[in-house]
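First the structure, in the form of C-alpha cells, and then the observations on it.
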Amino acid sequence: MQCGPDCKYTCHAHCRDLVHLGCRRNGKLMDCLAPHDTLDSSYSSGQDVQKEREPHIYLSKEEVKEKIQSYNSSVTDKLKMTLNANGIYTGFIKVQMELCRPITVQSSQSQGRCAPSNTETAFYLPDGCVNTLHISSTNTVREVIEALLKKFFVADNPAKFALYKRCHKEDQVYTCKLSDREHPLYLRLVAGPKTEMLSFVLREHETGEVMWEAFSIPELQNFLRILDKEENDQLQILKNRYAAYRSKLEEALRGVLKPG
C-alpha cells in the first residue's frame, strides 16, 4: 500500500492502522490515509459488495467554503454545515445502527460508575434505528462511535464496534469499513447531503476480528456457556438423527430376515 502518488513509503494493507505518517505537501503537514479498505466477507451479500476507498482530497479553506455553500443549498432537512473562522466546520451526520448482538445500556443514575450495577439492561436495537449526531470536521471515526454509544447510554466497549460508509452506484450497494482516524464530516461534505451518495452504518466487529480484550471476564465466561450449550444442542441433534437412521435400518433388516 502506498500513501499517495508522490509517496515512496509502502506497507502491508493489514498494517496500515498501526502506521501514522506525517507528510508535507507545499509546506503543509497532513495525514496520510490509506487509499482503500476491504469489507468483511461475512457482511457481503448480493447487494452489499466491497468498495475501494477513494483517494483523500485535500481542500483549501476557499474550497471548503465553496463546498459548504453548495452543500447547504442542497440540504432539504435543515441539517446544514457551518464554517468557523478557524477553518473548522461543523455539521450533522446520520448513522444507521445495524447491530446483530444485544447491547448493554446503563440508566442515567448509573453513569460514571466503574462497577456493573443492576441498572444495566441488555436488549436488541430495532432494525433501521437511525441516530443524528452534530460533529465537527476534526472528529474522527473513533470519536463518532464513542459519541453514538454515549448518546444511547451504551455501556459496551467502543472497541467492539466499527463505522462503515455505504453508497449506491449502478443498482448496487457498496460498503467499506472506515479506519479510526478518518473524518466522517469531511466524507459527508465531499459526497453531499444525499444519503444515496453516502450513508453511515454502525456494526459490530466480525468474529474474525473481535478484540477479545475489550470484553470483561463475566462477558467472556457467558460466551463460553453459550458455546457449550450450542455444542451440546448440536450434538443431541446429531445423535437423534443417527438414532432415527439406525431405527429405520433395523426395521428394514427385520422385514428382510422375517421368515416368509
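The values are calculated or read from the model by the stated rules, or taken from the named source; none is laboratory data. The structure displayed is predicted, hence computed values, not measured ones. When we count neighbours, we look across all protein chains shown, and the Cβ atoms used for this are built from the backbone with ideal geometry, even at glycine. Protein only, heavy atoms only, side chains kept; ligands, DNA and RNA dropped before computing areas. Shrake-Rupley method; radii C 1.70, N 1.55, O 1.52, S 1.80 Å.
Assess whether LEU235 counts as being open to solvent by 90 Å² or more (accessible area, probe 1.4 Å) and either farther than 27 Å from PRO102 by Cα or at pLDDT 90 or above (or both). In short, no. Does ARG101 meet the test of being open to solvent by 70 Å² or more (accessible area, probe 1.4 Å) and either assigned to a strand (DSSP E or B) or at pLDDT 70 or above (or both)? Spelling it out, ARG101 is indeed open to solvent by 70 Å² or more (accessible area, probe 1.4 Å) and either assigned to a strand (DSSP E or B) or at pLDDT 70 or above (or both). Going by the structure shown, is ALA214 among the small types (Gly, Ala, Ser) and either surrounded by fewer than 10 Cβ atoms within 10 Å (Cβ to Cβ) or in contact (Cβ under 8 Å) with a residue 40 or more places away in the chain (or both)? Taking the combined requirement at face value, the residue satisfies it.
Taking region 60-93 as the range and being surrounded by 14 or more Cβ atoms within 10 Å (Cβ to Cβ) and over 26 Å from the mean Cα position of the chain (by Cα) as the test, the residues that pass are VAL64, LYS65, LYS67, ILE68, ASN72, LEU83.
Tell me, yes or no, whether region 188-199 has at least one residue that is polar (S, T, N, Q) and open to solvent by 60 Å² or more (accessible area, probe 1.4 Å). Yes, the conditions are met somewhere in region 188-199. Scanning region 198-222 for residues that are at pLDDT 80 or above and aromatic (Phe, Trp, Tyr) returns a single hit, PHE200.
Condition check for CYS114 on (1) modelled with pLDDT of 90 or more; (2) over 20 Å from PRO184 (Cβ atoms); (3) hydrophobic (A, V, I, L, M, F, W, C): one failure, at (1).
Hey, any hits in region 168-185 for a residue that's surrounded by 18 or more Cβ atoms within 10 Å (Cβ to Cβ), out of contact with any Gly (no Cβ under 9 Å at 6 or more places or on another chain) and without any contact (Cβ under 8 Å) to a residue 60 or more places away in the chain? Yes, that holds for at least one residue.
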